[in-house]
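All remarks here apply to the structure that follows.
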Amino acid sequence: LLLFKDITVQLDLQTRFNALIKTQRSTLDNLHEAVAVFGSDGRLKLHNSAFARVWDLPAELLKDTPDYDDVVEACVPLFHDAEIWEAIKVHITDPSAAARQATTGEMRRSDGSLLTYITNPLPDGNTLIAFADVTATRRVESALRDRAEAFEAADRLKTEFVRNVS
């Protein structure tokens, strides 16, 4: 007795699924922002290469779904504010509606860089955390603000000079 089964549909679905996973991974890895997804159990489920680069994390640490506390311990040399790390952890692990809200904040790191972060709850109970380096942007904003203040001061001096000459 021989039985034949057509598994073309299953193979097609598996191929599509694998292609989708590869596309998602490639998309995440090409983002400029550092992205990490933590499960409600506090374990790292997904991250991109920018996350490891921004926080200078070794690949072996991120390999086997490490716990949030282990990841934070490796990040502490660059940013040591325990209150902010604990607040982010609450957004990851606390299932209450109050904790499952999107939040944003800033981190001034020991290397002088400035990061903004956002925590965003995902529908499946996981939490996405994204970090963006805004150091250069803030420097440009500061330079433009200083330049505008200098122009205003020069305009005041010019107006005062013309008033005194008159």
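The values are calculated or read from the model by the stated rules, or taken from the named source; none is laboratory data. Quick caveat, the model's predicted, so the values are computed rather than measured. A quick note on method: Cβ atoms are made from the backbone with ideal geometry, for glycine too, and the neighbour counts reach across all protein chains shown. When the accessible area is computed, the model is the full protein with side chains, heavy atoms only, and any ligands, DNA or RNA have been set aside. Shrake-Rupley method; radii C 1.70, N 1.55, O 1.52, S 1.80 Å.
If the cut-off is a Cα-Cα distance under 23 Å, which lysines reach Lys45, setting aside same-chain residues fewer than 8 apart in sequence?
Lys22, Lys63, Lys89
Keeping all protein chains in place, calculate the accessible area per residue for segment 1-147 (probe 1.4 angstrom), answer in Å².
65 Å²
For an R0 of 30 angstrom, estimate the FRET efficiency from the Cβ-Cβ distance between Arg139 and Ser166 and round to the nearest 0.05.
0.15
Can you give me the angle between helix 82-93 and the longest principal axis of the chain, using Cα atoms only, in degrees from 0 to 90, rounded to the nearest 10?
With both axes taken from Cα atoms, the answer is about 40 degrees.
Rounded to the nearest 500, what is the 222 nm mean residue ellipticity of the chain from helices alone, with -39500 (n - 2.57) per DSSP H run of 4+ residues and division by all residues?
-16000 deg cm²/dmol
With axes computed from alpha carbons, what is the tilt in degrees of helix 8-29 against the longest principal axis of the chain, rounded to the nearest 10 within 0 to 90?
Orientation of helix 8-29: about 20 degrees from the principal axis.
Just to be sure I follow the definition: excluding the sites themselves, where is the longest run in the chain that has none of the trypsin sites (Lys or Arg not before Pro) in a DSSP loop with at most 12 other Cβ atoms within 10 Å? Intermediate results must be reported in sequence, preceding the final value.
Numbers: sites that count: Lys5, Lys63.
The longest uninterrupted stretch comes out as 64-166.
Under a Cβ-Cβ cut-off of 13 Å, what is the net charge of the residues other than Gly112 that fall near it, where Lys and Arg count +1 and Asp and Glu count -1?
+2
Accessible surface of Phe131 in the full protein assembly, 1.4 angstrom probe, to the nearest 10 Å²?
10 Å²
Over the heavy atoms of Ser166, what accessible area does a 1.4 Å probe trace out, to the nearest 10 Å²?
Accessible surface of Ser166 is approximately 120 Å².
Of the labelled options [x] 1.26; [y] 1.15; [z] 1.12, which one gives Rg/Rh (Cα atoms, Kirkwood Rh) as computed for this structure?
Only one option fits the structure, namely [x].
Of all the accessible heavy-atom surface of segment 1-72, with the other protein chains kept in place and a 1.4 Å probe, what percent is carbon and sulfur?
Of all accessible area on segment 1-72, carbon and sulfur atoms account for 58 percent.
Relative to the longest principal Cα axis of the chain, at what angle does helix 135-165 sit, 0 to 90 degrees, rounded to 10?
Tilt relative to the chain: about 20 degrees.
Given H placed on each backbone N at 1.01 Å, which residues far from Glu33 in sequence or on other chains put an amide H within less than 5 Å of it?
Residues meeting the amide H criterion: none.
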